[in-house]
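Structure first, then comments.
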Amino acid sequence: MTRAQFHDRLEAIEHDLLHLGELAAAAVQGAVAAFVARDDAGAARVIASDDAIDELYLAIDHGTLSMVALQAPVAADLRLVSAILHSCLHLERSGDQAVNIAKIQLATNGLPAAPVMQGQIAEMGDLVVQMLRVSLEAFSHRDVGRAEQLQMLDDPVDRLNRATHLEALKLAHDPQALDWALHANMAARALERVGDQAVDIGEQVAYLVTGDFREFTDASHKVER
């Protein structure tokens, strides 16, 4: 493989990574919509869509490693390879969280939902999907400033996650409502993790551009407050 072929292949893999990100963002968006609307068919579609995410994740992972085995990358190329491999995993995990939310909907479709918590989950969903897309935009444009905005976007996600726990406590008098609320807390936690994955991708962008790795927040090692 010539150096030009290597760079062409690396560019194609990065394009696949951005496509994976859109698949993951669409899955999260679909899962939240299904959860809020109590839509079992929508939840089932999200679960089924995970096969495509997993297949693309594996293709990117294996393709990147195989390519590196055939070419000795320079330092800048190695940073891109590393950022792709890490970001690819974060996106696959975001898809997994979408499946978790969809499964929660299927498990709770007979329980009474709390409108306030549904609104909180919907707002969290909008925020984390935005975060995923910001992280992809930052990666595509090598924009560290854009990547650093993710820590600011993550703060309201964390606040909403904590707020769902407070709302659940208000339903302690009603066993069925509480059952749904506790599952909704799990959905909120899944969305909070998606936000963390987006922040982690932003950190990879900063590493790719500067060569220095630093954590934007404690998102990877967060202690619940």
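The values are calculated or read from the model by the stated rules, or taken from the named source; none is laboratory data. All values reported here derive from a predicted model rather than from experimental measurement. Don't worry about glycine lacking a Cβ; one is built from the backbone with ideal geometry, like all the others, and counts go over all protein chains shown. When the accessible area is computed, the model is the full protein with side chains, heavy atoms only, and any ligands, DNA or RNA have been set aside. Shrake-Rupley method; radii C 1.70, N 1.55, O 1.52, S 1.80 Å.
Observations on the structure shown:
- Whichever residue in region 15-48 is of a type in the set (D, E, K, R) and within 17 Å of the chain's Cα centre (by Cα) and, among such residues, is surrounded by the fewest Cβ atoms within 10 Å (Cβ to Cβ): E22
- Test result for A59, farther than 22 Å from A190 by Cα, outside any helix (DSSP H, G or I) and open to solvent by 40 Å² or more (accessible area, probe 1.4 Å): no
- Close pairs (8 angstrom Cβ cut-off, 6 or more residues apart or separate chains): under 14 Å from R189 (Cα atoms) in region 112-127, polar (S, T, N, Q) and part of a helix (DSSP H, G or I) anywhere: M117/T164; Q120/T164; I121/T164; M124/N161; G125/Q29
- Members of region 50-61 found to be of a type outside the set (A, V, I, L, M), over 21 Å from L208 (Cβ atoms) and free of Cβ contacts under 8 Å to residues at least 40 places away in the same chain, listed by number: D51, E55
Residue-by-condition table, conditions (1) part of a helix (DSSP H, G or I); (2) crowded, with 21+ Cβ neighbours inside 10 Å:
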{"position": "A72", "(1), (2)": "no, no"}
{"position": "S82", "(1), (2)": "yes, no"}
{"position": "L106", "(1), (2)": "yes, no"}
{"position": "M117", "(1), (2)": "yes, yes"}
{"position": "E137", "(1), (2)": "yes, no"}
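- Test set (1) part of a helix (DSSP H, G or I); (2) surrounded by 14 or more Cβ atoms within 10 Å (Cβ to Cβ) - L171 fails condition number: (1)
- Here Q176, Q151 are screened, and the one residue that is open to solvent by 30 Å² or more (accessible area, probe 1.4 Å) and in contact with a Pro (Cβ under 7 Å, 6 or more places away or on another chain) is Q176.
- Subset of region 1-14 [open to solvent by 50 Å² or more (accessible area, probe 1.4 Å) and either of a type outside the set (D, E) or within 14 Å of the chain's Cα centre (by Cα) (or both)]: M1, T2, R3, A4, Q5, H7, R9
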